[in-house]
Amino acid sequence: MNTRDWPIRAKLTALVVGPVTGLLALWIFATTLTFGPALDLLAARTLLYDLGRPGESVVAELQRERRLSVVQLAGDTALPALAEQRTRTDQAVAELRRRVDGEKLRDAADDLLDTRLDQLVSALDALPAGRGFIDSKKVDRAGAVGLYSGMIGSAFQAFSGMATLPDAELNREALALTALGRSRELLGQADALLAGAVTAGRYAEGEHEQLVRTIENQRFLAENAVADLPPAERAGYQRLTEGEGFVRLRALQDTLVRARDLPAGLDVRAWETSYAGVSQGLRDFELRGADTLAERSVPMAVRILVRLAAAGVLGLLAIVVCVLVALRVGRSLDRRLTGVRTAALEMAEHRLPDVVARLRRGEEVDVAREAPELDHGGDEIGQVGRAFNEVRRTAVQAAVDEVTLRRGLNEVFLNIARRSQGLVHRQLALLDRLERRTEDPDELAGLFQVDHLATRLRRHAEDLVILAGAAPGRGWRNPVAAVDVVRGAISEVESYDRVDVGEVQPAGVLGRAVGDVIHLLAELIENATVFSPPGTRVDVTGRSMPGGYTIEITDRGLGMSPPARAEANRKLSRAPEFDPADSARLGHFVVARLAARHGVRVDLRPAVPGGTTAVVLVPSDLVTDEPALGPATDGAAGPDDRRMAKVTRLATVPRTRAARPGRDRPESAVLPMPAGRTSSVETPADGDGLPRRVRRRGPVGRPRPVAVDNPAYRTPEEARRAMSALQAGTARGRRDGARRDAEPSPPEPPAAPDHPTATERDA
């Protein structure tokens, strides 16, 4: 039986119940052992009056009937006295049967006595048949003596069964009285044999030898029985044997033993007189001894019962005291251990998490107040309680130190991120100035690449800000079109050339969420490009939903296993605490933080036929109508438009997307440079929502033809030809400019700035 997981109350109960049960069992056993002998002593009186007296009467009547039956068998006529004796015998037997069948005697008798009572009743049942044999003279004198002697022997066996008293002295005295009764029975057998021989005038064959054996056995039993009597009883028996009748009877017995034939001068009348006196004297002695024995057993039984009651009460009181002490101690142990357990659980489940949460909220925590000293006593439980007090104090202090350390790390992250952001902003401003001054297409393309790397570096710096628990500073005042938000996210991904923008339904995102949504989408798009083969494409689509606006990012990679996808969705569904040990999934942490800030839902789903689809649901409170395309009022781009143009630039030819209803496309535009970037003058945006730049060759008198922008999809060959044409045109412009350096030219009006300041771009 495994008791390791039992509650402490059950274990204490088992410790108490086991010894108490054993003690109670011992008490019951000892009480039973003592109570049984006391009942036996009390039953001795019942056995004497319900079995001893009626049984002795039956024995006496059977002895008389036996003598008369032997005399009748020895003579020629029936004896009237025999019939009268049989009536008296039947009355005595009937009384004995009534007592034997009574519940009182049966309840007082044990199993051995019950068996011997049944044997006595069975022997008495044979009395009528034996009488019939005697009347029809089908049995001789020896047979008649044996018939009655067997019944009387069954009675004495029952008397011996009564001698089972718990006191050894009383039991020995009872057996001695029973032996004296057997001795008197042998004396009666000798009288019956002699009476038959006297009536017949001679011994039958073997009667003399039987008479001699009977007399010798009678003397032997009497001598042994007297030796077991108490001194007083033994002295009384000695006085009895010294009487005249007993002496005369012994002398006559000696005469009968010595003579082989019936002595001619035998005084029969003297025998009968002596026998009657001795038999009655022995019977009276036995009855007095039995009465004395019964009277002595009652006080002894009372004393045993008194001792039993005292021992029982004391034992029961000891058991009650043991139970009370065990319950008190067990309840105290249980209460104290339960207190320690409750304190431990409260600290682990409530107090310590609450302290950590308060610390993370920036609240001050008093260690002494949050881990108060608990007194559990001075024993081992108290020592455990004091040790637990130290553990609680250490745990709270460790939580304070851990939160302080994490707060310091966050400040370090935030400081590094702010410094990096400042450097990146300065780098972007420098790139702006260099791009304005550079007209060489190769150098301009290199500057665009550096600008793109700086944009990605800015996103990584914002990651540190998010890890530190702060909000990035980048933001917009006006709504931005969803397609521009998507392109802005693509521009911050290294493998932007693998991303295809599909159908993006018209919608706008509020300015306060544009920066975070761009960052969120950039993290997901970068994951899609990293975890898919280099030759595959990543598709981005957007559509309006009843609950907001959904943007789907689908890759063609190996996908994720269901457990991994479920774990990723669990992390994305809430904003977890930053765990430095889980640095391999920083993107998920950043996405979860950004999504939780604006109520955006992100869900990863399996793609068909393979790969993963990231579904981003922007809530309806962040979605508005798509803002109007083109420059702001008075023909100049506003700060938000210039900032978005800066965010959405790509160092490649932009890919067209499906036509959107309600969007006007200009009929013509200049040949596109890398996305969103010009060298001098910025023209109105085309149908893709991105501004186009017109190269300026310097002061010339004639305008350059403007190439028509074909919004259709361009193959890589077409893009290469367009870039070659761009480079050739640039070379021709430089040669023409060199020839006209000597010629004077009118002053050129200043162009509207197309780049925001560092503060406007990354506020």
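Numerical summary
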{"quantity": "Pair list, Cβ < 7 Å and 6+ apart or interchain, from region 243-272 residues that are over 16 Å from His208 (Cβ atoms) to residues that are open to solvent by less than 30 Å² (accessible area, probe 1.4 Å) and among the β-branched types (Val, Ile, Thr)", "calculated": "Gly245/Val278; Phe246/Val278; Leu249/Val278"}
{"quantity": "Members of region 220-241 that are open to solvent by less than 40 Å² (accessible area, probe 1.4 Å) and either outside any helix (DSSP H, G or I) or β-branched (Val, Ile, Thr) (or both)", "calculated": "Val226, Leu229, Pro230, Thr241"}
{"quantity": "Answer residue from region 438-453, given it is without any contact (Cβ under 8 Å) to a residue 24 or more places away in the chain and under 17 Å from Arg426 (Cβ atoms) and is surrounded by the most Cβ atoms within 10 Å (Cβ to Cβ) among those", "calculated": "Leu447"}
{"quantity": "Count of residues meeting criterion [assigned to a strand (DSSP E or B) and either surrounded by 21 or more Cβ atoms within 10 Å (Cβ to Cβ) or of a type in the set (A, V, I, L, M) (or both)] in region 586-610", "calculated": "2"}
{"quantity": "Residues being of a type outside the set (Gly, Ala, Ser) and closer than 24 Å to Asp625 by Cβ - total across region 473-508", "calculated": "17"}
{"quantity": "Filter pass, Thr46 being of a type in the set (S, T, N, Q), modelled with pLDDT under 90, open to solvent by less than 60 Å² (accessible area, probe 1.4 Å) and over 60 Å from the mean Cα position of the chain (by Cα)", "calculated": "yes"}
{"quantity": "Region 246-283, subset open to solvent by 60 Å² or more (accessible area, probe 1.4 Å) and part of a helix (DSSP H, G or I), residue nearest to Glu185 (Cα to Cα)", "calculated": "Gln280"}
{"quantity": "Some residue of region 326-339 being among the acidic types (Asp, Glu), within 20 Å of Gly385 (Cα to Cα) and surrounded by fewer than 13 Cβ atoms within 10 Å (Cβ to Cβ)", "calculated": "no"}
{"quantity": "Residues located in region 4-22, provided they are open to solvent by 70 Å² or more (accessible area, probe 1.4 Å), in contact (Cβ under 8 Å) with a residue 24 or more places away in the chain and hydrophobic (A, V, I, L, M, F, W, C)", "calculated": "Leu15"}
{"quantity": "Residue that is nearest to the chain's Cα centre (by Cα) [pool: residues in region 85-103 that are farther than 16 Å from Arg67 by Cβ and of a type in the set (A, V, I, L, M, F, W, C)]", "calculated": "Val100"}
{"quantity": "Test for Val302: is it within 52 Å of the chain's Cα centre (by Cα) and part of a helix (DSSP H, G or I)", "calculated": "no"}
{"quantity": "Filter result for Thr178 (among the hydroxyl-bearing types (Ser, Thr, Tyr) and within 60 Å of the chain's Cα centre (by Cα))", "calculated": "no"}
{"quantity": "Pair list, Cβ < 7 Å and 6+ apart or interchain, from region 480-509 residues that are within 18 Å of Pro534 (Cα to Cα) and open to solvent by less than 30 Å² (accessible area, probe 1.4 Å) to residues that are of a type in the set (Lys, Arg) and at pLDDT below 90", "calculated": "Ser491/Arg649; Glu492/Arg456; Glu492/Arg459; Val501/Arg655; Val501/Arg657"}
{"quantity": "Condition met for Gly102 (in contact with a Ser or Thr (Cβ under 6 Å, 6 or more places away or on another chain) and either surrounded by fewer than 14 Cβ atoms within 10 Å (Cβ to Cβ) or among the small types (Gly, Ala, Ser) (or both))", "calculated": "no"}
{"quantity": "Positions within region 542-573 being of a type in the set (A, V, I, L, M), surrounded by fewer than 19 Cβ atoms within 10 Å (Cβ to Cβ) and in a helix (DSSP H, G or I), in sequence order", "calculated": "Ala564, Ala566"}
{"quantity": "Meets criteria (more than 26 Å from Ala301 (Cα to Cα), open to solvent by less than 30 Å² (accessible area, probe 1.4 Å) and not acidic (Asp, Glu)) for Ala174", "calculated": "no"}
{"quantity": "Flag if Arg477 is without any contact (Cβ under 8 Å) to a residue 24 or more places away in the chain, open to solvent by 10 Å² or more (accessible area, probe 1.4 Å) and closer than 23 Å to Leu622 by Cα", "calculated": "no"}
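One line per residue, one yes/no per condition, for (1) of a type in the set (Phe, Trp, Tyr); (2) at negative phi; (3) under 30 Å from the mean Cα position of the chain (by Cα); (4) not in a helix (DSSP H, G or I):
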position	(1), (2), (3), (4)
Pro353	no, yes, yes, no
Ala357	no, yes, no, no
Glu363	no, yes, no, yes
Arg369	no, yes, no, no
Ile381	no, yes, yes, no
Val391	no, yes, yes, no
Asp401	no, yes, no, no
Leu405	no, yes, no, no
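The values are calculated or read from the model by the stated rules, or taken from the named source; none is laboratory data. Everything numeric in this text was worked out from a predicted model, so none of it was measured. Using ideal geometry, Cβ is built from the backbone for each residue, glycine included, and neighbour counts are taken over all protein chains shown. For accessibility, only protein heavy atoms count, side chains too; no ligands or nucleic acids. Shrake-Rupley method; radii C 1.70, N 1.55, O 1.52, S 1.80 Å.
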